[in-house]
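A short reminder: the numbers here are calculations on the coordinates, not readings from a lab. None of these values were measured; they are calculated from a predicted model. Note: ideal-geometry Cβ built from the backbone for every residue, glycine included; neighbour counts use all protein chains shown.
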Amino acid sequence: MSIYVDFAPEQIHGQADITANLIWPKTSKPVSDDIQVTAQGSFSSFAIDRVFAKERLENGEMKISFDAKGFSLKGDAKIA
């Protein structure tokens, strides 16, 4: 299942603190399946203008994680 999100950079506001980890294999020519990528972090004071028609997502406090199994974004925000 793919989900496509279409937001312009100027619509998104807030602070992010994200750490990404890359584990690179010790081979001369690694392929993408050999490279492990994980990321985790948080968003604070997160907002997206016009997220649902004219509605705004605001006051977001969210945790994000990404690994080979998928992507997760959890937290609270207000639609105004």
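Remarks
- Projecting the Cα positions of ALA39, ASN59, THR27 onto the charge dipole of segment 26-67 (unit charges on Cβ atoms of Lys, Arg, Asp and Glu, taken about the Cα centre) puts THR27 furthest along the positive direction.
- Within segment 1-78: Cβ-based charge dipole about Cα centre, in debye rounded to nearest 20 (Lys, Arg +1; Asp, Glu -1): 140 debye
- Choice from SER45, SER28, SER65 showing the highest fluctuation, given a GNM over the chain with Cα pairs closer than 10 Å: SER28
- Taking GLY14, GLY70, GLY41 as the candidate residues, the one with maximal mean-square fluctuation in a Gaussian network model of the chain, Cα springs under 10 Å, is GLY70.
- Listed candidates (1) 1.38; (2) 1.07; (3) 1.17 - label of the one calculated as Cα Rg over 2.2 N^0.38 Å: (1)
- Those lysines that a straight Cα-Cα span of less than 19 Å connects to LYS63, excepting residues fewer than 8 apart in one chain: LYS74, LYS78
- Neighbours of GLY60, meaning other residues whose beta-carbon lies under 9 angstrom from its beta-carbon, give a summed charge of -2 when Lys and Arg score +1 and Asp and Glu score -1.
- In a fully extended conformation the segment linking GLU61 and GLN40 would gain 6.2 nm over its present Cα-Cα distance, using 0.36 nm per residue.
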